[in-house]
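The values are calculated or read from the model by the stated rules, or taken from the named source; none is laboratory data. In this text the structure is predicted, and so the values were computed from the model without any measurement. Please note: Cβ atoms are built from the backbone with ideal geometry, for glycine as well, and neighbour counts cover all protein chains shown.
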Amino acid sequence: MLNGTTAEVKERSALRINPAKTCQPIGAMYAALGVHGCMPHSHGSQGCCSYHRSQLTRHFKEPVIATSSSFTEGSSVFGGMANFTQAIQNIFGIYNPEIVAAHTTCLSEVIGDDMSMMIKKSREEGKIPEGKEVVYANTPSFVGSNITGFSNMVVAFVKQLAQKSDVPSTRINLIPGYCDAADVREIKRIAAIMGVEIITLPDVTDVLDLPQTGIYEMYPKGGTRVADIRAMGDSTATIALGKWASHAASNKLEDLCSVPAYNLELPIGIAATDEYVDALRQAGSSDVPRSLVEERGRLLDTLSDMSQYIYKKRVALAGDDPDHIISMTRFLVEMDMVPAYVITGGLGNDFEKRVREILKDQAPNAIVKAQGDLFELHQWMKQEPVDLLIGSTHAKYIARAENNLPFVRFGFPILDRIGHRYFPSVGYMGGIRMVEKITDALFDKRDRESAEEWVELVL
Ligand code: SF4
């Protein structure tokens, strides 16, 4: 399919081909699903909502609920107020959620709908039942990415619900970033074995990784409780994982409720996980248990066993989430691999600066780009090849066009494999899994392509 890609790169300023990102409301919808009893609501046309639901459903392999204001030509011209207030009445009347988390789309942003005013009017007209909540986030897709939308919705929950009361709490807020349910589960597990009591927002465990019971529940048992979001204003501290996805919410909590923020990078690899564990230790006044030290040791052992096979291998790394890409770049450097091309579809000079800082000794000549696209990445790979490609499912066509280059799926979306649902990439255990995936991809190619007499039984 991409066999015709040429090596010659032409300067482009107003065109992206295969951008490494998707649109803001997908992130907002994902964040809303991590709140218990929440109905994500898309204020726009049905097409946007269907696309966002289908992307999330395909990645998580779970039914993703959401409602739509169902814009028609009339709403596009006269505004979406009538559709919104009617939708709110229908949602509470038919689906009875605890809370509705509404986000805008390109269309409602372009016509300038005022979400705050529309929610106020819905409440005045009695369309929001007593004790129920409606929060909103502006998520125009012509800026940012799904990660921006996720961040905006988490900020909205915090800003519109969190309160400071007179009763101090010993709990720690945890904002895990745009992660898979398996990652959130692992981040929570590490906190639990350190004995730190946390409020996780959003928490998609037991929402987007449900067991099959034969019974459909529109609002599964998982997700952050609204009461817990309110209580986040009383917590001792907030640990936020990922600058692009999570830091805006922790900073907002600090501004509004004076909850100190520990702003970290996503705990992928050794050093980043150490930083997370250390933040839990400090914020939760906790000790690091022996079992966690041993997990770390097993990751180190795996790396030393495998280092002869991965040392100095060149890697191309692409993804929608700058936080995932930054932490994976750190981990590749820890593995003594050479990230040759590092791109994100997300925004940011800060991204390029941070990645260059990580690579300054190991790969000073790496090409690093924010708002990048997969087409250009492929062209660079044609000029100077790599040994391994890491990216979302969209990147698999590049691997195929490049003679079945070893390829590891990582990030969002993963539409053609299932492991991300159950196995984390964060924490020490996630690190072991990533080393396994990387070495498997390299060994599979060697086994496939070696001459008969060179196929090794034993590593
Ligand atoms: S980019 Fe805009 S118009 Fe397209 S699906 Fe996303 S929100 Fe809808």
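Just a few scattered comments:
- Taking the criterion of being in contact with a strand residue (DSSP E or B) (Cβ under 6 Å, 6 or more places away or on another chain), touching a residue at least 60 places away in the same chain (Cβ under 8 Å) and farther than 23 Å from Val143 by Cα, the residues of region 96-121 that qualify are Pro97, Ile99, Val100.
- In region 98-124, residue surrounded by the fewest Cβ atoms within 10 Å (Cβ to Cβ) [restricted to those that are more than 15 Å from the ligand (Cβ to nearest atom) and within 22 Å of the chain's Cα centre (by Cα)]: Val100
- Number of the condition not met by Ile65 [criteria: (1) buried (at least 20 other Cβ atoms within 10 Å of the Cβ); (2) part of a loop (DSSP other than H, G, I, E, B); (3) modelled with pLDDT of 95 or more]: (1)
- Residue in region 195-211 that is farther than 30 Å from Asn96 by Cβ and in a helix (DSSP H, G or I) present: no
- Filtering region 227-266 to residues that are under 13 Å from Ile147 (Cβ atoms) and among the small types (Gly, Ala, Ser) leaves Gly242, Ala245, Ser246, Ala248, Ala249.
- Residue within region 276-285 that is touching a helix residue (DSSP H, G or I) at 6+ places or on another chain (Cβ under 6 Å), among the polar types (S, T, N, Q) and touching a residue at least 12 places away in the same chain (Cβ under 8 Å) present: no
- Leading residue by the ranking (farthest from Glu133 (Cα to Cα)) among those in region 16-38 that are surrounded by 24 or more Cβ atoms within 10 Å (Cβ to Cβ) and of a type in the set (A, V, I, L, M): Ala20
- Matching strands (runs of 3 or more DSSP E) fully within region 280-383 where at least 1 residues are small (Gly, Ala, Ser), touching a strand residue (DSSP E or B) at 6+ places or on another chain (Cβ under 9 Å) and not assigned by TED's automatic domain parsing to the domain that holds Ile239: 314-319, 338-344
- Residue within region 214-226 that is over 18 Å from Ala101 (Cβ atoms) and outside any loop (DSSP other than H, G, I, E, B) present: no
- Residue that is nearest to Ala245 (Cα to Cα), among those in region 125-149 that are more than 16 Å from the ligand (Cβ to nearest atom) and among the hydrophobic types (A, V, I, L, M, F, W, C): Val135
- Filtered residues of region 33-60 (kept if within 11 Å of the ligand (Cβ to nearest atom) and in a loop (DSSP other than H, G, I, E, B)): Gly44, Ser45
- Qualifying positions in region 146-175 - within 27 Å of Pro413 (Cα to Cα), part of a helix (DSSP H, G or I), touching a residue at least 60 places away in the same chain (Cβ under 8 Å) and not β-branched (Val, Ile, Thr): Asn146, Gly149, Phe150, Ser151, Asn152, Met153, Phe157
- The C-beta contact set for region 122-142 (first residue more than 23 Å from Glu109 (Cα to Cα) and part of a strand (DSSP E or B), second residue modelled with pLDDT of 95 or more and within 16 Å of the ligand (Cβ to nearest atom), distance under 7 angstrom, 6+ apart or interchain) is empty.
- Test result for Asp416, surrounded by fewer than 19 Cβ atoms within 10 Å (Cβ to Cβ), assigned to a helix (DSSP H, G or I) and of a type outside the set (Val, Ile, Thr): no
- Among the residues listed as Gly144, Gly131, Gly126, Gly149, the single one being outside the structural domain of Gly348 (by TED's automatic domain parsing) and modelled with pLDDT under 95: Gly144
- The single condition from (1) surrounded by 22 or more Cβ atoms within 10 Å (Cβ to Cβ); (2) over 12 Å from the mean Cα position of the chain (by Cα) that Ala181 fails is (2).
- Against the criterion of being among the hydrophobic types (A, V, I, L, M, F, W, C), more than 27 Å from Lys61 (Cα to Cα) and not assigned by TED's automatic domain parsing to the domain that holds Thr302, Ile268 does not qualify.
- Region 384-398, residues that are surrounded by fewer than 21 Cβ atoms within 10 Å (Cβ to Cβ) and either outside the structural domain of Gly419 (by TED's automatic domain parsing) or of a type in the set (A, V, I, L, M) (or both): none
- Considering region 1-27, and only residues there that are more than 10 Å from the ligand (Cβ to nearest atom) and within 23 Å of the chain's Cα centre (by Cα), the residue that is farthest from Glu402 (Cα to Cα) turns out to be Gly27.
- Exclusive hit being touching a helix residue (DSSP H, G or I) at 6+ places or on another chain (Cβ under 8 Å) and at pLDDT below 95, set Leu347, Leu303: Leu347
- Some residue of region 282-290 being among the hydroxyl-bearing types (Ser, Thr, Tyr), closer than 19 Å to Ile172 by Cβ and surrounded by 20 or more Cβ atoms within 10 Å (Cβ to Cβ): no
- Among all residues of region 214-234, there is at least one that is of a type in the set (Phe, Trp, Tyr) and under 22 Å from Tyr422 (Cβ atoms).
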